[in-house]
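*Asks:* Quick one: the structure is below, questions incoming.
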Amino acid sequence: MLVDLVLKGGRLVTPEGIFQGGVAVEDGVIVAVASDANLPPASEIIDCGGKFILPGVIDPHIHIGLHVSLEDDCHTETASAVAGGVTTAGRFVRSLNSYKNFFKEEINVMNNHSYIDIFCHLGIMKMSHVKEIPEYARLFGVTSFKFYGKYGLELMSYRENPPQDVVEQTDDGLLYLGFVEVAKLGEIGVACVHAENYEVIHWLKEELRRAGRNDLPSWAEARPWFCEAEYMLKALFFAKVAGNTLYNVHLSIGEGVKIIEQVMRDGVRVYAETCPHYLVLTKDSPIKPIYGKISPPLREKRDVEMLWDGIARGIIKTIGSDHVIIPKTDDLWTSWPGVPGVGTLLPIILSEGVNKGRITLEKVAEICSRNAAKIFGIYPKKGTIQVGSDADLVLVDMNRETVLRAEKLYSKCGWTPYEGMKVKGVPVMTIVRGRKVVEEGAIVEKLGVGKYIPRKVNK
(Lines give C-alpha, C1' and ligand atoms only; values in the text may rest on other atoms or scores of the structure.)
Protein backbone atom coordinates (compact mmCIF):
# COMPACT_ATOMS: atom_id res chain seq x y z
CA MET A 1 0.00 0.00 0.00
CA LEU A 2 1.32 3.44 -0.96
CA VAL A 3 0.73 5.96 1.84
CA ASP A 4 0.91 9.75 1.72
CA LEU A 5 3.93 10.32 3.94
CA VAL A 6 6.65 8.40 5.77
CA LEU A 7 9.15 9.75 8.27
CA LYS A 8 12.09 7.36 8.63
CA GLY A 9 15.48 7.32 10.30
CA GLY A 10 14.22 9.02 13.41
CA ARG A 11 14.14 8.44 17.13
CA LEU A 12 10.52 8.29 18.30
CA VAL A 13 9.93 9.88 21.69
CA THR A 14 7.11 8.68 23.92
CA PRO A 15 6.60 9.01 27.68
CA GLU A 16 7.55 5.32 27.93
CA GLY A 17 10.83 5.51 26.03
CA ILE A 18 12.74 6.40 22.87
CA PHE A 19 12.72 4.03 19.91
CA GLN A 20 14.50 3.88 16.56
CA GLY A 21 12.16 4.01 13.58
CA GLY A 22 9.53 6.14 11.93
CA VAL A 23 5.90 6.89 11.18
CA ALA A 24 3.59 6.34 8.20
CA VAL A 25 0.71 8.74 7.49
CA GLU A 26 -2.41 8.46 5.34
CA ASP A 27 -5.19 11.08 5.14
CA GLY A 28 -3.67 12.97 8.06
CA VAL A 29 -3.73 9.99 10.42
CA ILE A 30 -0.90 7.75 11.64
CA VAL A 31 -1.27 4.30 10.05
CA ALA A 32 2.02 2.74 11.15
CA VAL A 33 4.69 3.21 13.80
CA ALA A 34 7.56 0.85 13.04
CA SER A 35 11.21 0.28 12.30
CA ASP A 36 12.36 1.70 8.99
CA ALA A 37 12.37 -1.74 7.39
CA ASN A 38 8.72 -2.29 8.23
CA LEU A 39 7.36 1.07 7.04
CA PRO A 40 5.24 1.03 3.85
CA PRO A 41 6.21 2.83 0.61
CA ALA A 42 5.04 6.46 0.42
CA SER A 43 4.46 9.31 -1.99
CA GLU A 44 6.78 11.43 0.14
CA ILE A 45 9.58 10.17 2.36
CA ILE A 46 11.34 12.36 4.92
CA ASP A 47 14.69 11.11 6.23
CA CYS A 48 14.97 12.39 9.79
CA GLY A 49 18.71 11.75 9.97
CA GLY A 50 18.61 10.49 13.53
CA LYS A 51 16.71 13.48 14.88
CA PHE A 52 13.99 13.07 17.49
CA ILE A 53 10.32 12.77 16.52
CA LEU A 54 8.01 14.04 19.25
CA PRO A 55 4.22 14.27 19.31
CA GLY A 56 3.17 17.78 18.32
CA VAL A 57 3.17 20.12 21.29
CA ILE A 58 -0.18 20.95 22.89
CA ASP A 59 -0.09 24.39 24.48
CA PRO A 60 -3.18 24.35 26.72
CA HIS A 61 -3.05 28.07 27.52
CA ILE A 62 -3.08 30.82 24.90
CA HIS A 63 -5.05 34.04 24.51
CA ILE A 64 -5.78 35.10 20.93
CA GLY A 65 -8.51 37.45 19.78
CA LEU A 66 -8.36 39.27 23.11
CA HIS A 67 -6.84 42.66 22.23
CA VAL A 68 -6.64 42.09 18.47
CA SER A 69 -9.28 40.66 16.14
CA LEU A 70 -9.39 36.87 16.21
CA GLU A 71 -8.77 36.59 12.48
CA ASP A 72 -5.66 38.78 12.62
CA ASP A 73 -4.35 36.99 15.71
CA CYS A 74 -4.89 33.60 14.06
CA HIS A 75 -2.77 34.65 11.10
CA THR A 76 0.31 35.64 13.07
CA GLU A 77 0.08 33.92 16.46
CA THR A 78 -0.73 30.44 15.15
CA ALA A 79 2.17 30.93 12.73
CA SER A 80 4.39 31.63 15.74
CA ALA A 81 2.96 28.55 17.46
CA VAL A 82 3.53 26.10 14.62
CA ALA A 83 7.04 27.44 13.94
CA GLY A 84 7.80 26.58 17.56
CA GLY A 85 6.50 23.01 17.30
CA VAL A 86 2.98 23.63 18.67
CA THR A 87 0.29 21.79 16.68
CA THR A 88 -2.70 22.20 19.03
CA ALA A 89 -3.61 24.90 21.53
CA GLY A 90 -6.21 25.58 24.17
CA ARG A 91 -7.57 29.07 23.64
CA PHE A 92 -9.05 31.02 26.56
CA VAL A 93 -12.02 33.11 25.47
CA ARG A 94 -13.31 35.91 27.67
CA SER A 95 -16.45 37.99 27.15
CA LEU A 96 -19.04 39.79 29.25
CA ASN A 97 -21.75 38.72 26.78
CA SER A 98 -23.33 35.32 26.31
CA TYR A 99 -21.08 33.11 24.24
CA LYS A 100 -24.20 31.93 22.42
CA ASN A 101 -24.28 35.34 20.73
CA PHE A 102 -20.97 35.03 18.87
CA PHE A 103 -18.98 31.86 19.47
CA LYS A 104 -20.28 30.05 16.38
CA GLU A 105 -18.78 32.81 14.23
CA GLU A 106 -15.46 32.44 16.08
CA ILE A 107 -15.46 28.72 15.29
CA ASN A 108 -15.69 29.64 11.60
CA VAL A 109 -12.69 31.94 11.96
CA MET A 110 -10.63 29.24 13.67
CA ASN A 111 -11.58 26.76 10.95
CA ASN A 112 -10.36 29.02 8.16
CA HIS A 113 -7.51 31.16 9.47
CA SER A 114 -5.29 28.97 11.65
CA TYR A 115 -2.14 26.94 11.15
CA ILE A 116 -2.88 24.78 14.22
CA ASP A 117 -5.85 22.98 15.74
CA ILE A 118 -7.62 24.80 18.58
CA PHE A 119 -9.92 23.81 21.43
CA CYS A 120 -11.38 26.44 23.74
CA HIS A 121 -12.00 27.29 27.38
CA LEU A 122 -14.72 29.87 28.08
CA GLY A 123 -14.34 32.47 30.81
CA ILE A 124 -17.11 32.48 33.42
CA MET A 125 -17.51 36.15 34.30
CA LYS A 126 -21.02 36.32 35.76
CA MET A 127 -23.97 34.20 36.93
CA SER A 128 -25.65 34.11 33.53
CA HIS A 129 -22.53 32.36 32.20
CA VAL A 130 -22.79 29.77 34.98
CA LYS A 131 -26.37 28.95 34.01
CA GLU A 132 -25.36 28.54 30.36
CA ILE A 133 -22.48 26.08 30.97
CA PRO A 134 -24.58 23.04 29.89
CA GLU A 135 -25.53 24.83 26.67
CA TYR A 136 -21.92 25.78 25.91
CA ALA A 137 -20.99 22.11 26.20
CA ARG A 138 -23.89 20.95 24.04
CA LEU A 139 -23.75 23.65 21.37
CA PHE A 140 -20.00 24.13 21.01
CA GLY A 141 -18.30 21.10 22.53
CA VAL A 142 -16.63 23.30 25.16
CA THR A 143 -16.08 21.38 28.39
CA SER A 144 -13.48 23.50 30.19
CA PHE A 145 -14.17 26.86 31.78
CA LYS A 146 -12.05 29.51 33.44
CA PHE A 147 -12.85 31.16 36.76
CA TYR A 148 -11.06 34.36 37.71
CA GLY A 149 -12.29 34.91 41.25
CA LYS A 150 -11.62 38.38 42.53
CA TYR A 151 -8.95 38.75 39.84
CA GLY A 152 -11.93 39.51 37.63
CA LEU A 153 -12.18 42.81 39.47
CA GLU A 154 -8.63 43.66 38.48
CA LEU A 155 -9.42 42.84 34.86
CA MET A 156 -12.34 45.25 35.10
CA SER A 157 -10.05 47.93 36.53
CA TYR A 158 -8.26 48.21 33.19
CA ARG A 159 -11.56 49.26 31.61
CA GLU A 160 -12.75 52.87 31.64
CA ASN A 161 -16.30 51.84 32.55
CA PRO A 162 -16.36 48.44 34.29
CA PRO A 163 -19.84 46.84 34.10
CA GLN A 164 -21.49 46.94 37.50
CA ASP A 165 -23.18 43.54 37.20
CA VAL A 166 -19.83 41.83 36.66
CA VAL A 167 -18.24 43.67 39.58
CA GLU A 168 -21.13 42.71 41.87
CA GLN A 169 -21.11 39.03 40.85
CA THR A 170 -17.35 38.44 41.04
CA ASP A 171 -17.34 36.53 44.32
CA ASP A 172 -17.00 33.09 45.88
CA GLY A 173 -20.61 32.26 45.07
CA LEU A 174 -19.83 32.49 41.35
CA LEU A 175 -16.83 30.22 41.87
CA TYR A 176 -18.67 27.54 43.84
CA LEU A 177 -21.85 27.45 41.75
CA GLY A 178 -19.75 27.37 38.59
CA PHE A 179 -17.85 24.38 39.95
CA VAL A 180 -21.15 22.60 40.63
CA GLU A 181 -22.23 23.06 36.99
CA VAL A 182 -18.87 21.88 35.68
CA ALA A 183 -19.08 18.78 37.88
CA LYS A 184 -22.38 17.86 36.20
CA LEU A 185 -20.51 17.39 32.91
CA GLY A 186 -18.63 14.43 34.39
CA GLU A 187 -14.91 13.76 34.15
CA ILE A 188 -14.58 15.66 30.88
CA GLY A 189 -15.67 18.87 32.63
CA VAL A 190 -12.72 20.94 33.86
CA ALA A 191 -12.74 24.14 35.92
CA CYS A 192 -9.62 26.24 35.27
CA VAL A 193 -8.75 28.72 38.01
CA HIS A 194 -6.62 31.85 38.15
CA ALA A 195 -5.45 31.69 41.76
CA GLU A 196 -4.75 35.12 43.28
CA ASN A 197 -6.35 36.91 46.22
CA TYR A 198 -7.00 40.30 44.67
CA GLU A 199 -8.51 41.78 47.83
CA VAL A 200 -5.03 41.76 49.39
CA ILE A 201 -3.26 42.62 46.15
CA HIS A 202 -5.42 45.72 45.63
CA TRP A 203 -4.16 47.40 48.81
CA LEU A 204 -0.53 46.38 48.32
CA LYS A 205 -0.60 47.76 44.79
CA GLU A 206 -1.92 51.09 46.00
CA GLU A 207 0.81 51.41 48.66
CA LEU A 208 3.60 50.67 46.19
CA ARG A 209 2.10 52.93 43.57
CA ARG A 210 1.87 55.83 46.02
CA ALA A 211 5.51 55.21 46.97
CA GLY A 212 6.49 55.87 43.36
CA ARG A 213 7.71 52.33 42.65
CA ASN A 214 7.75 51.34 38.97
CA ASP A 215 10.34 48.56 38.96
CA LEU A 216 9.80 44.86 38.19
CA PRO A 217 10.32 43.65 41.80
CA SER A 218 7.52 45.94 42.95
CA TRP A 219 5.03 43.99 40.80
CA ALA A 220 6.03 40.82 42.66
CA GLU A 221 5.83 42.61 46.02
CA ALA A 222 2.28 43.66 45.21
CA ARG A 223 1.31 40.02 44.60
CA PRO A 224 3.12 37.99 47.30
CA TRP A 225 3.26 34.20 47.21
CA PHE A 226 0.63 33.75 49.91
CA CYS A 227 -2.02 35.48 47.77
CA GLU A 228 -1.62 32.71 45.23
CA ALA A 229 -1.44 29.95 47.86
CA GLU A 230 -4.55 31.17 49.70
CA TYR A 231 -6.69 31.19 46.58
CA MET A 232 -5.37 27.81 45.50
CA LEU A 233 -6.48 26.34 48.81
CA LYS A 234 -9.91 27.92 48.52
CA ALA A 235 -10.47 26.66 44.98
CA LEU A 236 -9.24 23.18 45.91
CA PHE A 237 -11.61 23.05 48.88
CA PHE A 238 -14.58 24.11 46.72
CA ALA A 239 -13.59 21.53 44.08
CA LYS A 240 -13.51 18.80 46.72
CA VAL A 241 -17.00 19.78 47.90
CA ALA A 242 -18.46 20.25 44.41
CA GLY A 243 -16.79 17.13 43.01
CA ASN A 244 -15.36 18.76 39.88
CA THR A 245 -11.97 18.45 38.23
CA LEU A 246 -9.73 21.47 38.89
CA TYR A 247 -7.00 22.77 36.61
CA ASN A 248 -4.66 25.26 38.31
CA VAL A 249 -3.38 27.52 35.54
CA HIS A 250 0.04 29.22 35.54
CA LEU A 251 1.43 28.02 38.88
CA SER A 252 4.24 30.39 39.81
CA ILE A 253 5.11 29.52 43.44
CA GLY A 254 7.23 26.68 44.73
CA GLU A 255 4.91 26.34 47.72
CA GLY A 256 2.15 25.57 45.25
CA VAL A 257 3.90 22.31 44.35
CA LYS A 258 3.57 21.22 47.98
CA ILE A 259 -0.10 22.20 48.05
CA ILE A 260 -0.92 20.28 44.86
CA GLU A 261 1.01 17.23 46.02
CA GLN A 262 -0.91 17.09 49.29
CA VAL A 263 -4.39 17.42 47.79
CA MET A 264 -3.56 14.83 45.14
CA ARG A 265 -2.89 12.42 48.01
CA ASP A 266 -6.27 13.40 49.45
CA GLY A 267 -7.99 12.30 46.24
CA VAL A 268 -8.91 15.69 44.75
CA ARG A 269 -8.90 15.62 40.93
CA VAL A 270 -6.46 18.44 40.34
CA TYR A 271 -3.93 19.21 37.63
CA ALA A 272 -1.28 21.92 37.80
CA GLU A 273 0.16 23.89 34.89
CA THR A 274 3.17 26.15 34.93
CA CYS A 275 4.67 28.40 32.23
CA PRO A 276 8.12 28.76 30.66
CA HIS A 277 8.55 32.27 32.08
CA TYR A 278 8.26 30.93 35.63
CA LEU A 279 10.95 28.36 34.79
CA VAL A 280 13.63 30.74 33.47
CA LEU A 281 12.85 34.28 34.65
CA THR A 282 12.64 35.85 38.10
CA LYS A 283 11.56 39.20 39.51
CA ASP A 284 15.22 40.24 39.33
CA SER A 285 15.76 39.33 35.67
CA PRO A 286 17.32 42.18 33.64
CA ILE A 287 14.29 42.90 31.46
CA LYS A 288 12.14 45.97 30.99
CA PRO A 289 9.59 46.02 33.86
CA ILE A 290 6.50 46.07 31.62
CA TYR A 291 7.89 43.07 29.69
CA GLY A 292 8.00 41.13 32.93
CA LYS A 293 4.55 42.25 34.08
CA ILE A 294 2.65 38.98 34.36
CA SER A 295 -0.12 37.78 36.64
CA PRO A 296 0.86 35.91 38.76
CA PRO A 297 4.25 37.67 38.85
CA LEU A 298 7.73 36.37 38.31
CA ARG A 299 9.07 34.96 41.57
CA GLU A 300 12.39 34.02 43.21
CA LYS A 301 15.14 31.71 41.96
CA ARG A 302 14.06 29.25 44.67
CA ASP A 303 10.60 29.04 43.10
CA VAL A 304 12.12 28.32 39.68
CA GLU A 305 13.96 25.27 40.99
CA MET A 306 10.95 24.03 42.99
CA LEU A 307 8.78 24.21 39.87
CA TRP A 308 11.30 22.21 37.84
CA ASP A 309 11.37 19.65 40.63
CA GLY A 310 7.56 19.52 40.56
CA ILE A 311 7.67 18.76 36.83
CA ALA A 312 10.29 16.04 37.23
CA ARG A 313 8.29 14.34 40.01
CA GLY A 314 4.99 14.46 38.11
CA ILE A 315 3.22 16.97 40.36
CA ILE A 316 3.03 19.63 37.64
CA LYS A 317 1.32 18.00 34.67
CA THR A 318 1.43 20.54 31.84
CA ILE A 319 3.30 23.54 30.41
CA GLY A 320 1.23 26.42 29.02
CA SER A 321 2.68 29.55 27.48
CA ASP A 322 -0.11 31.95 28.60
CA HIS A 323 0.65 33.65 25.28
CA VAL A 324 -1.07 36.96 24.60
CA ILE A 325 -0.55 40.07 22.47
CA ILE A 326 -0.80 42.91 24.96
CA PRO A 327 -0.92 46.68 24.40
CA LYS A 328 1.91 47.87 26.66
CA THR A 329 2.57 51.35 28.06
CA ASP A 330 5.56 52.60 30.05
CA ASP A 331 3.57 52.66 33.29
CA LEU A 332 3.88 49.40 35.19
CA TRP A 333 0.61 49.92 37.06
CA THR A 334 -1.72 50.80 34.17
CA SER A 335 -0.26 48.62 31.41
CA TRP A 336 -2.06 45.31 30.82
CA PRO A 337 -0.22 42.24 32.18
CA GLY A 338 0.90 39.41 29.93
CA VAL A 339 3.68 38.12 27.68
CA PRO A 340 4.02 36.33 24.33
CA GLY A 341 5.48 32.83 24.50
CA VAL A 342 3.78 30.21 22.33
CA GLY A 343 6.64 30.20 19.81
CA THR A 344 9.35 29.79 22.44
CA LEU A 345 7.71 27.20 24.72
CA LEU A 346 9.34 24.09 23.25
CA PRO A 347 12.85 25.51 22.70
CA ILE A 348 12.95 26.72 26.32
CA ILE A 349 11.78 23.39 27.73
CA LEU A 350 14.29 21.49 25.57
CA SER A 351 17.16 23.82 26.40
CA GLU A 352 16.54 24.60 30.07
CA GLY A 353 14.90 21.29 30.92
CA VAL A 354 16.40 18.45 28.88
CA ASN A 355 19.80 19.78 27.89
CA LYS A 356 20.47 21.04 31.42
CA GLY A 357 19.54 17.69 32.92
CA ARG A 358 16.43 18.74 34.82
CA ILE A 359 14.03 16.47 32.93
CA THR A 360 14.17 13.78 30.25
CA LEU A 361 13.01 13.98 26.67
CA GLU A 362 10.38 11.37 27.56
CA LYS A 363 9.03 13.79 30.17
CA VAL A 364 8.68 16.44 27.45
CA ALA A 365 6.40 14.11 25.47
CA GLU A 366 4.33 13.73 28.62
CA ILE A 367 4.07 17.31 29.87
CA CYS A 368 3.96 19.02 26.48
CA SER A 369 1.60 16.62 24.70
CA ARG A 370 -0.02 13.59 26.31
CA ASN A 371 -1.10 15.05 29.65
CA ALA A 372 -2.91 18.05 28.16
CA ALA A 373 -4.67 15.81 25.63
CA LYS A 374 -5.92 13.52 28.38
CA ILE A 375 -6.96 16.32 30.76
CA PHE A 376 -8.97 18.18 28.13
CA GLY A 377 -10.60 15.18 26.46
CA ILE A 378 -8.82 15.06 23.08
CA TYR A 379 -6.72 11.93 23.65
CA PRO A 380 -5.81 9.73 21.76
CA LYS A 381 -6.76 11.83 18.74
CA LYS A 382 -4.08 14.23 19.96
CA GLY A 383 -1.03 14.04 22.20
CA THR A 384 0.49 10.73 21.15
CA ILE A 385 2.31 8.90 18.36
CA GLN A 386 0.20 5.82 17.76
CA VAL A 387 -1.87 4.23 15.02
CA GLY A 388 -5.20 6.03 14.60
CA SER A 389 -4.01 9.34 16.08
CA ASP A 390 -3.72 12.58 14.13
CA ALA A 391 -0.29 12.87 12.53
CA ASP A 392 0.78 15.88 14.61
CA LEU A 393 4.56 15.62 14.81
CA VAL A 394 7.57 17.80 15.51
CA LEU A 395 11.11 16.95 14.46
CA VAL A 396 13.70 18.18 16.95
CA ASP A 397 17.46 18.71 16.71
CA MET A 398 18.71 18.51 20.28
CA ASN A 399 22.21 19.71 19.38
CA ARG A 400 21.31 22.78 17.36
CA GLU A 401 21.72 26.15 19.04
CA THR A 402 19.95 29.40 18.26
CA VAL A 403 19.37 32.80 19.81
CA LEU A 404 15.78 33.82 20.50
CA ARG A 405 14.82 37.03 18.69
CA ALA A 406 11.35 38.57 18.44
CA GLU A 407 11.85 39.25 14.74
CA LYS A 408 12.15 35.51 14.06
CA LEU A 409 9.01 34.43 15.93
CA TYR A 410 6.29 35.41 13.39
CA SER A 411 4.27 37.07 16.17
CA LYS A 412 3.02 40.61 15.66
CA CYS A 413 3.87 41.34 19.30
CA GLY A 414 7.29 42.68 18.32
CA TRP A 415 9.05 41.75 21.57
CA THR A 416 9.83 38.75 23.75
CA PRO A 417 10.99 38.58 27.37
CA TYR A 418 13.60 36.06 26.16
CA GLU A 419 15.27 38.43 23.67
CA GLY A 420 18.91 37.38 23.17
CA MET A 421 18.58 34.12 25.11
CA LYS A 422 20.66 31.27 23.66
CA VAL A 423 18.87 27.92 23.54
CA LYS A 424 20.07 24.45 22.61
CA GLY A 425 17.46 22.09 21.19
CA VAL A 426 15.10 23.43 18.52
CA PRO A 427 12.22 22.21 16.35
CA VAL A 428 13.23 21.93 12.68
CA MET A 429 9.98 20.61 11.18
CA THR A 430 6.34 20.69 12.25
CA ILE A 431 3.62 18.48 10.77
CA VAL A 432 -0.08 19.14 11.46
CA ARG A 433 -2.44 16.27 10.62
CA GLY A 434 0.00 14.90 8.07
CA ARG A 435 0.75 18.21 6.38
CA LYS A 436 4.24 19.67 6.60
CA VAL A 437 3.64 23.23 7.76
CA VAL A 438 7.11 24.32 8.91
CA GLU A 439 10.52 23.32 7.62
CA GLU A 440 13.74 24.86 8.93
CA GLY A 441 11.86 27.79 10.43
CA ALA A 442 9.91 28.64 7.26
CA ILE A 443 6.13 28.35 6.90
CA VAL A 444 5.57 26.13 3.85
CA GLU A 445 1.79 25.64 4.00
CA LYS A 446 -1.20 27.95 3.55
CA LEU A 447 -3.50 29.19 6.30
CA GLY A 448 -6.48 27.02 7.07
CA VAL A 449 -4.63 23.84 8.00
CA GLY A 450 -5.83 24.15 11.57
CA LYS A 451 -9.36 23.37 12.74
CA TYR A 452 -11.53 23.92 15.80
CA ILE A 453 -11.79 20.86 18.03
CA PRO A 454 -15.15 20.32 19.77
CA ARG A 455 -15.12 17.84 22.62
CA LYS A 456 -17.66 15.13 23.21
CA VAL A 457 -19.91 15.33 26.24
CA ASN A 458 -21.15 12.12 27.82
CA LYS A 459 -24.94 11.87 27.70
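*Asks:* Anything in the range 112-126 that is out of contact with any Gly (no Cβ under 8 Å at 6 or more places or on another chain) and surrounded by fewer than 24 Cβ atoms within 10 Å (Cβ to Cβ)? List them, or say none.
*Replies:* G123, K126
*Asks:* Given E199, E207, E187, which one is at pLDDT 95 or above and of a type outside the set (A, V, I, L, M, F, W, C)?
*Replies:* Answer to the selection: E207.
*Asks:* Got at least one residue in the range 437-450 being outside any strand (DSSP E or B), touching a residue at least 12 places away in the same chain (Cβ under 8 Å) and under 17 Å from the mean Cα position of the chain (by Cα)?
*Replies:* yes
*Asks:* Another question, then. Only one of I325, I385 is within 27 Å of K451 (Cβ to Cβ) and modelled with pLDDT under 95. Can you tell me which?
*Replies:* I325
*Asks:* Continuing with this model, one more query. I'm trying to understand the selection: among the residues of the range 305-361, which are surrounded by fewer than 20 Cβ atoms within 10 Å (Cβ to Cβ) and among the small types (G, A, S)?
*Replies:* Across the range 305-361, the qualifying residues are A312, G314, S335, G357.
One line per residue, one yes/no per condition, for (1) on the phi < 0 side of the Ramachandran plot; (2) surrounded by fewer than 21 Cβ atoms within 10 Å (Cβ to Cβ):
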residue: L204; (1), (2): yes, yes
residue: P224; (1), (2): yes, yes
residue: Y231; (1), (2): yes, no
residue: F237; (1), (2): yes, yes
residue: G243; (1), (2): no, yes
residue: Y247; (1), (2): yes, no
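*Asks:* Within the range 100-117, can one find any residue that is out of contact with any strand residue (DSSP E or B) (no Cβ under 9 Å at 6 or more places or on another chain) and polar (S, T, N, Q)?
*Replies:* yes
*Asks:* Of the residues that make up the range 29-49, is at least one under 13 Å from D390 (Cβ atoms), touching an Asp or Glu at 6+ places or on another chain (Cβ under 8 Å) and aliphatic (A, V, I, L, M)?
*Replies:* The answer is yes, given that some residue of the range 29-49 is under 13 Å from D390 (Cβ atoms), touching an Asp or Glu at 6+ places or on another chain (Cβ under 8 Å) and aliphatic (A, V, I, L, M).
*Asks:* Against the definition (out of contact with any strand residue (DSSP E or B) (no Cβ under 8 Å at 6 or more places or on another chain) and surrounded by fewer than 19 Cβ atoms within 10 Å (Cβ to Cβ)), how does K184 come out, yes or no?
*Replies:* The answer is yes for K184.
The values are calculated or read from the model by the stated rules, or taken from the named source; none is laboratory data. Given the structure is predicted, the values throughout are model-derived calculations rather than measurements. Backbone-built Cβ (ideal geometry, glycine too); neighbour counts: all protein chains shown.
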